[in-house]
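Below: one structure, written as structure tokens.
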Amino acid sequence: MITLVGPMGAGKSTIGRRLAARLAVPCVDLDAEIVKQSGKPIPRIFEEEGECAFRALEGALLHDFCTDGTPKVLATGGGVVLSAPNRQRLQESGLVIWLDAPPEVLARRIGGDANRPLLRGVNPLAKAKELDRQRRPLYEACADMRVDTSSMGVGRAMYEILEFVSKHQ
Ligand code: S3P
């Protein structure tokens, strides 16, 4: 299994889909699975049940996908690494690729996205910087490879990842 981690706007869903197609395995988008399971969009889960409930569902589904024994590409949400058990589970279940980009680039890509509750009513750049400070060490702690998606296009990022995967899987 290959898991993509990294901040909001790093390209996890896009690269996840393309990577899965190239490797001929299913692509699972953890956020989409959370929406399916709960029957509500992510902003509504945050509003009605709170971030803790969202994180609990995220952790439970991550556990299921990490232990079902099916080869896949798993695209996660940016906060999946906040939980130590999640980080351990990811490390144990295969290769973890960290898609990264500086806060300035992320803020440009995600600014004003109504589907991302953490960005509601805040300055996207300030939020991206705050999350970067909190989470960078956590991505670093569980990733096998880091790809800076601000310095290359999707095609080049795919090439680098596929090369790494072919050597390490
Ligand atoms: C979150 C990122 C989102 C989603 C949720 C919380 C985060 O996923 O899981 O809004 O804590 O960074 P993306 O990284 O796919 O936007």
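Read-outs: derived from the displayed coordinates by stated rules, not from any lab. From a predicted model like this one, the values you see are computed outputs, not experimental measurements. Every residue, glycine as well, gets a Cβ built from its backbone with ideal geometry; the counts of neighbours run over all protein chains shown.
Observations on the model:
- Summary value for segment 80-169: 40 percent relative contact order, contacts being C-alpha pairs under 8 angstrom separated by 6+ residues.
- Close lysine pairs were tallied over segment 2-168: pairs 8 or more places apart or on different chains with Cα atoms under 29 Å apart number 12.
- Kirkwood radius and radius of gyration were both taken over the C-alpha atoms of the chain, and their ratio Rg/Rh is 0.94.
- Less than 5 angstrom separates the built amide H of Thr3 from those of Leu74, Leu95, Val96, Ile97, all sequence-distant by 5 or more or on a different chain.
- Annotation for segment 17-32 versus segment 126-159: alpha-carbon center distance of 19 Å.
- Here the dipole of the chain is about 340 debye; that uses its Cα centre as origin and unit charges on the Cβ of Lys and Arg (positive) and Asp and Glu (negative).
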